[in-house]
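One structure is given below, encoded as structure tokens.
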Amino acid sequence: MRHGFRRLIILAAALILAGCGRQAQTSAPAASSAASATKSTDAKTAASSDRFVITPQFDGGERFSEGMAAVRIGATFGYIDKEGKVVIMPQFDFAGAFSEGLASVGVGNKIGYIDKQGSFVVAPSFEIANLLPFSEGLAAVRVGEFLTGKWGYIDKQGKIVIRAQYEGAGPFSDGLAAVSFDGKWGFIDKQGMMVIKAQYSSVRSFSEGLAAVRIGDYYSGKDGYIDRAGKIVIEPRFDAAFLFADGLADVRIGDKYGYIDKEGKLVIPAQFDFADTFAAGLAAIRAGDETTGKYGYIDKAGNYLWKPSK
């Protein structure tokens, strides 16, 4: 869902598991004979089977990334391909998504990174929730205790290339990564040089050349956008602001969500109770609260492709 972070999201990044469910309802007319009943049942079963690309058979499953998905069989995790074939045998106590050819996996209470053959390329030496997926060749990891340790960055050989010195750290995007000092966030480059001073109460990753930052207090401040030089290009006036994708970013004004363009113009009015980032020209939106609300999809003009069902 969201591809940004706030003050404490780093602490749980390696454990985030996302999913969604849909409930389908089917009905069939009553059959007038045993033969027609059998035919109706067989047709219904066949139709249901046709919907499955991979038949239900696993005790747990995660999203596909780079052609593979983590699945749980019994108490351990492995990976399947898009045909449902197990390509890395279940053997891990935790398994994350693949990113840049590597995935974080856990053995006991330690996590490392494996390649697509299931071999460790970075030995499991990090505590649970002490690392992020690789992005642009580097991964943020925390060295030390859960509360007192510091964050730095490793390369794909597991070598620390940016010293562990930050209170918090995010993934690299557009060549920059967010890091925090003394409760404030700024951005570093891949050499570990601070290129945008740590001065914001919260930030999100760069996307399409812009990053959302919060000016003022974390709770009462407003979000705007900066460019890679640290210049404010969209004035802070939003209660929350998220990533750009397909030229648009979802923002919250009061308790409603809408979308702005890169000039900061509200091109889709703030009218949704929730709105997600665009992907492939579509964005998920919700009408109603998180518990009972319904979801639908809009295009970049704000037109419904699927309206939230009542």
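Observations on the structure shown:
- Burial ranking of peptide ranges 285-296, 88-99 (average Cβ count within 10 Å, highest at the top): 88-99, 285-296
- Take every pair of alpha-carbon atoms less than 8 Å apart whose residues are at least six positions apart; their mean separation over the length of the stretch 59-127 yields a relative contact order of 20 percent.
- Counting beta carbons within 10 Å around each of ARG51, ARG252, ARG142 and listing the fewest first gives the order ARG51, ARG252, ARG142.
- For LYS156, the lysines whose Cα comes closer than 18 Å to its Cα, not counting residues fewer than 8 places off in the same chain, are LYS110, LYS116, LYS190.
- Three-way shape call for the stretch 233-299 based on the alpha-carbon gyration tensor, with the a/c threshold at 1.5: oblate
- By the rule of a C-alpha distance below 30 Å, with chain neighbours fewer than 8 residues away ignored, the lysines paired with LYS265 are LYS184, LYS197, LYS222, LYS231, LYS256, LYS294, LYS300, LYS307.
- Sorted peptide list for 193-203, 53-63, 239-249, criterion being average Cβ within 10 angstrom, highest first: 239-249, 193-203, 53-63
- Overall form of the stretch 168-245 per C-alpha gyration tensor (a/c, 1.5; a/b vs b/c): oblate
- For the stretch 185-310: rounded, prolate or oblate by the Cα gyration tensor [a/c cutoff 1.5]: prolate
- Stokes-Einstein D for the stretch 108-194, Kirkwood Rh over Cα pairs, 25 °C, 0.890 mPa s (µm²/s): 187 µm²/s
Since every read-out is calculated from the coordinates, none of them should be taken as a lab result. Predicted model only: the values in this text are computed from it and were never measured. As a convention, Cβ positions derive from the backbone with ideal geometry for all residues, glycine included, and neighbour counts pool all protein chains shown.
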